[in-house]
Amino acid sequence: MEYVQVLIAGGGMAGLSAAIWCERLGLSCVLIEKTDRLGGQLTQIRNHIWDLPPRTYADGPALLGELLAHDALKNVSIRCGEELAAIDPDRRTVTTNRRTYHPDWLIIATGVSHNQIPALAHSPHVLQPWFSTTAEAETVSGMDVAVIGGGDRAAESACNLARHARSVHLLVRSNHLRARRQWTEQLSRLPSLTILWETEVVDCREEAGKAILTLRSARADTPAALAVDRILPRIGVHGNSDSVKKALGADDHGYLLTDPYQQTEGAGWVYAIGDVANGAEYASLALAAGQAMKAVKHISLQTKEQ
Ligand SMILES: Cc1cc2nc3c(=O)[nH]c(=O)nc-3n(C[C@H](O)[C@H](O)[C@H](O)COP(=O)(O)OP(=O)(O)OC[C@H]3O[C@@H](n4cnc5c(N)ncnc54)[C@H](O)[C@@H]3O)c2cc1C
């Protein structure tokens with residue numbers, strides 16, 4: 001069993017910021033990252049980042065490059081390919097796919113994953129979750145596209161793609177959109193766009209280079225099948241907390257529940273920061289970095305008291 005003062009799980013904006021703050025406040029830390037590279041969602045951001053004051057960045061990789069060059073990270077022990085697998089709140093142990101730790105403190109910064117539609121798991125026509133409907137919209141020029149979802153991201157994506165695609169079908173599971181008026185008003189003005197209400201995809205097969213979606217709907221006027229060239233699911237995300245949520249407490253979307261200092265409900269020595277604690281509405285780089293500061297500062301103050 002390895003002792004560490006602060007163990008950080010997750011190498012995205014939140015985890016890396018926490019490591020920098022550990023250095024700043026004189027705490028030693030080890031950072032584990034499940035994949036073989038650091039950055040998390042930063043590696044997927046293709047848009048211009050202008051809401052992390054005072055700097056702006058061309059995209060996520062530009063920001064990540066600067067972040068990884070930060071002097072404080074040079075002293076941090078970073079272990080890629082190592083995944084948080086379980087915790088024992090009472091024994092204060094953390095198990096990964098590689099070893100068992102006995103940390104004084106654990107900071108969970110494992111971010112979110114996109115929700116999946118099982119019927120689409122093997123279709124080559126599905127666009128990646130991080131497909132940018134602004135920067136990459138022209139790649140669907142002249143195509144038939146299905147966008148799935150009823151929130152802001154689905155509505156925005158459908159609007160952006162309808163300007164280039166031959167047709168866009170927006171498949172909405174309920175009978176209304178959750179998206180803001182900004183997007184719903186635009187949707188109604190786009191002639192190439194059709195909304196299929198109360199509709200779900202139950203199967204997907206390949207035929208003559210197209211994806212044939214089998215649809216299930218409460219509406220009589222919804223077609224039983226839809227042939228498309230590209231499919232863009234935009235059905236939200238869930239917190240990466242499967243291995244710990246039972247022990248620590250999470251909501252229905254896997255977001256870990258915390259107090260104002262980012263301490264989890266289930267164990268005072270475990271903190272959760274960034275997207276895994278924030279929910280989609282508040283997911284942001286600024287908050288991830290800010291919560292890292294708050295959690296590490298709280299740990300530092302408690303360490304001094306002990
Ligand atoms: C396309 C896109 C554009 C965006 N644009 C902006 C923007 O302009 N401005 C803005 O403020 N925000 C933006 N965001 C949101 C922002 O990127 C996130 O809020 C932020 O990156 C969250 O950081 P995080 O560290 O909490 O999570 P993540 O970046 O998701 O990092 C979590 C890390 O933990 C790792 N991990 C997962 N499970 C485990 C485990 N069990 N053990 C160890 N490691 C694990 C993951 O591999 C990942 O590296 C955008 C997001 C996307 C996808």
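The values are calculated or read from the model by the stated rules, or taken from the named source; none is laboratory data. Remember, predicted model here, so these are calculated numbers, not experimental data. Please note: Cβ atoms are built from the backbone with ideal geometry, for glycine as well, and neighbour counts cover all protein chains shown.
Things worth noting here:
- A165 being aliphatic (A, V, I, L, M), assigned to a loop (DSSP other than H, G, I, E, B), touching a residue at least 24 places away in the same chain (Cβ under 8 Å) and surrounded by 13 or more Cβ atoms within 10 Å (Cβ to Cβ): yes
- Sub-7 Å Cβ pairs linking a first residue in segment 1-14 that is touching a residue at least 12 places away in the same chain (Cβ under 8 Å) to a second residue that is surrounded by fewer than 24 Cβ atoms within 10 Å (Cβ to Cβ) and basic (K, R), at least 6 apart or interchain, are E2/R99, ordered by first then second residue.
- Considering segment 68-79, the residues that are touching a residue at least 24 places away in the same chain (Cβ under 8 Å) and surrounded by fewer than 17 Cβ atoms within 10 Å (Cβ to Cβ) include one that is nearest to the ligand (Cβ to nearest atom), namely R79.
- Residue list for segment 165-188, restricted to those being at pLDDT 90 or above and not basic (K, R): A165, S167, V168, H169, L170, L171, V172, S174, N175, H176, L177
- Counted residues, segment 102-116 - those being at pLDDT 95 or above and either charged (D, E, K, R) or more than 12 Å from the ligand (Cβ to nearest atom) (or both): 4
- Among the residues examined, L190 does not qualify as touching a residue at least 24 places away in the same chain (Cβ under 8 Å) and under 17 Å from V237 (Cβ atoms).
- Options E82, E156, E185; residue that is in a helix (DSSP H, G or I), within 14 Å of the ligand (Cβ to nearest atom) and acidic (D, E): E156
- Condition met for R91 (within 12 Å of the ligand (Cβ to nearest atom) and not in a helix (DSSP H, G or I)): no
- From V140, V228, V202, V244, residue being hydrophobic (A, V, I, L, M, F, W, C) and closer than 30 Å to N97 by Cβ: V244
- Number of the condition not met by H253 [criteria: (1) surrounded by 15 or more Cβ atoms within 10 Å (Cβ to Cβ); (2) under 30 Å from R92 (Cα atoms)]: (1)
- Of residues in segment 131-149 being of a type outside the set (V, I, T) and buried (at least 23 other Cβ atoms within 10 Å of the Cβ), the one nearest to the ligand (Cβ to nearest atom): G149
- Members of segment 214-250 found to be crowded, with 18+ Cβ neighbours inside 10 Å, more than 16 Å from the ligand (Cβ to nearest atom) and of a type in the set (K, R), listed by number: R230
- Close pairs from segment 108-120: first without any contact (Cβ under 8 Å) to a residue 60 or more places away in the chain and at positive phi, partner near the ligand (Cβ under 8 Å from one of its atoms) and part of a loop (DSSP other than H, G, I, E, B), Cβ under 6 Å, at least 6 apart: none
- Pick from segment 259-286, criterion loosely packed, with under 15 Cβ neighbours inside 10 Å and within 9 Å of the ligand (Cβ to nearest atom), ranking: farthest from L52 (Cα to Cα): Y282
- Per-region count, segment 252-306, residues over 28 Å from T43 (Cα atoms), part of a helix (DSSP H, G or I) and in contact (Cβ under 8 Å) with a residue 24 or more places away in the chain: 4
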